[in-house]
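So the structure is just underneath, and the comments pick up after that.
The values are calculated or read from the model by the stated rules, or taken from the named source; none is laboratory data. Bear in mind that the values here come from a model prediction, so they are computed numbers and not experimental data. Methodologically, a virtual Cβ is constructed for each residue, glycine included, from the backbone with ideal geometry; neighbour enumeration extends over all protein chains shown.
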């Protein structure tokens, strides 16, 4: 039949049917609801897992077949369902979790709408078996379409087992929209990870087509995060634990060096419920904005505990969207908490293990002192080999002149060579004029000196600009260069902006300008190129934005010009001065473009690399 004729006939039939108003059959109502709630097998799995969590389960076992399309079987050891409530559990808008309108504004459970099981049952062949502690044995009901059996005895320990088979068997049109088995399983696995991350006190097991995929034992949040996302994420992350009057934010945020090309490692939970909220996403982006490379996305697992009355989770059927009573306060709280963690040099993990926020990730995976037959040499062994005599290390401002002789340290300023107090240790030398090699109490440190110095200058410029204290350094001989008409106009129209940035630039002729003073921290940069870049950014962004929306970009440009370049030979005193400045500088783990400034590898890893002890 011609497609246009088919559309006309169908439309005419629908118009005839619309002439009569009638109630929809209960099965059709549930099937329509399933279109919203059970978009794919992963959505059904989410609803079932949330019910198991709400039932107080301590262990949840998930078995999938063919990506969840053939079978989704979830068994838990929760408090179970009474015999006379089994059929009611599969009826729309039946729930044990709310009973009044006030309850709806104080939601503390995950599943509360009372429509998920009814929707799932309407599009599958379902078996529900449950046993409460006081019951002699379990009871089971079977559901297929309209047919719902009476409860029958079943063998089951305490808890509930829900077996969903042949999903969408009676809605073939919906089944056609499903993806491959591998894709549907991947969505189910992601749902499983979200629930498991939010409930570290519950043991979870996941099987697919008879093969074990995940076994997560109960533990603390840091252990669960490492089990789900891997040790690499844990080593690259800092623990956050910040609290205000009504909000508590805790979890792990990865360093910018661990940033991803996609948003696949972003988990935010509000009262243990995974959410995807624009307000929260914006606060996180703003916190990372100053340290993240263009086009990269941060990685995090964060938990927000907030009074249930301050958040509305009944916004969307899937319950992944929420609404907050005080969004501005929440935005500021999250922003400042993440910004503080990224700026701090160290954070404590819940277990007491110290992690360095300045350590993007170790060159080799962190290993135990004894692992796989490799025995790490004690630190005293290396001290005996190389000597550990105390040295006087100066604390110097890092204004390193690329052309000046080596800095003569002030011998009156000394710091005891205590590596435990200095995470970046003490310099050993340079590698190819690019990297500084240093040793600390744990092992070897490699520092990108240009990237590190760039961050230090950038933070100093930001602080000085905020305090209106960017000091000018007059040049003994002004630097002159040819300028285009647009550059001339930018100078004449933005004298106040240039002055705040620490520049004195004069127009000598229609085509010539002279730089007479620059910020003191940038006096050894390429003055002409620095001035051109600043003028270009002023023209591009305009005076109204240059010290507001684009403030950080222009300061980053200035810092890049002032940072020491490759092949600049530094003395040990200069290297150590740079290391000390890094330890005192916020966000020193990344340069202004989000790239790492230093890495660490432990003695244990070096021993393993050289097969010591084998």
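Filtering 584, 575 for residues that are more than 30 Å from the chain's Cα centre (by Cα) and surrounded by fewer than 23 Cβ atoms within 10 Å (Cβ to Cβ) leaves a single hit, 575.
When 582, 611 are checked against the criterion of being within 25 Å of residue 232 (Cα to Cα) and assigned to a helix (DSSP H, G or I), a single residue qualifies: 582. For the range 271-288, does any single residue satisfy the condition of being under 13 Å from the mean Cα position of the chain (by Cα), free of Cβ contacts under 8 Å to residues at least 40 places away in the same chain and farther than 17 Å from residue 197 by Cα? Within the range 271-288, one or more residues are under 13 Å from the mean Cα position of the chain (by Cα), free of Cβ contacts under 8 Å to residues at least 40 places away in the same chain and farther than 17 Å from residue 197 by Cα.
Of the listed requirements (1) farther than 19 Å from residue 464 by Cβ; (2) touching a helix residue (DSSP H, G or I) at 6+ places or on another chain (Cβ under 7 Å); (3) in a loop (DSSP other than H, G, I, E, B), residue 587 misses just one: (1). When only residues in the range 541-562 that are closer than 19 Å to residue 505 by Cβ and more than 32 Å from the chain's Cα centre (by Cα) count, which is modelled with the highest pLDDT? Among those residues, the one meeting the criterion is 542. Inspect all residues belonging to the range 180-203 and state whether any of them is outside any helix (DSSP H, G or I), at pLDDT 95 or above and touching a strand residue (DSSP E or B) at 6+ places or on another chain (Cβ under 7 Å). Taking every residue of the range 180-203 in turn, at least one turns out to be outside any helix (DSSP H, G or I), at pLDDT 95 or above and touching a strand residue (DSSP E or B) at 6+ places or on another chain (Cβ under 7 Å). When 128, 206 are screened for being within 27 Å of residue 271 (Cα to Cα), in a strand (DSSP E or B) and not assigned by TED's automatic domain parsing to the domain that holds residue 303, only 206 passes.
Given the condition assigned by TED's automatic domain parsing to the domain that holds residue 157, under 38 Å from the mean Cα position of the chain (by Cα), surrounded by fewer than 18 Cβ atoms within 10 Å (Cβ to Cβ) and at pLDDT 65 or above, answer yes or no: does some residue in the range 15-34 qualify? There is no residue in the range 15-34 that is assigned by TED's automatic domain parsing to the domain that holds residue 157, under 38 Å from the mean Cα position of the chain (by Cα), surrounded by fewer than 18 Cβ atoms within 10 Å (Cβ to Cβ) and at pLDDT 65 or above. Do the conditions hold for residue 253, that is, is it buried (at least 17 other Cβ atoms within 10 Å of the Cβ) and within 30 Å of residue 551 (Cα to Cα)? So residue 253 fits the description; yes.
Has the range 53-72 got at least one residue that is modelled with pLDDT of 90 or more and over 32 Å from the mean Cα position of the chain (by Cα)? Within the range 53-72, one or more residues are modelled with pLDDT of 90 or more and over 32 Å from the mean Cα position of the chain (by Cα). Filtered by the rule that a residue be within 12 Å of the chain's Cα centre (by Cα) and under 24 Å from residue 308 (Cα atoms), the range 232-249 gives a lone residue, 240. For the range 112-127, the condition of being modelled with pLDDT of 90 or more, surrounded by fewer than 20 Cβ atoms within 10 Å (Cβ to Cβ) and over 23 Å from residue 58 (Cα atoms) holds for at least one residue. Filtering the range 427-465 to residues that are assigned to a strand (DSSP E or B) and surrounded by fewer than 18 Cβ atoms within 10 Å (Cβ to Cβ) leaves 428, 429, 431, 437, 439, 446. Only one entry of 559, 514, 531 meets the criterion of being assigned by TED's automatic domain parsing to the domain that holds residue 498, touching a strand residue (DSSP E or B) at 6+ places or on another chain (Cβ under 6 Å) and assigned to a helix (DSSP H, G or I), and that entry is 531.
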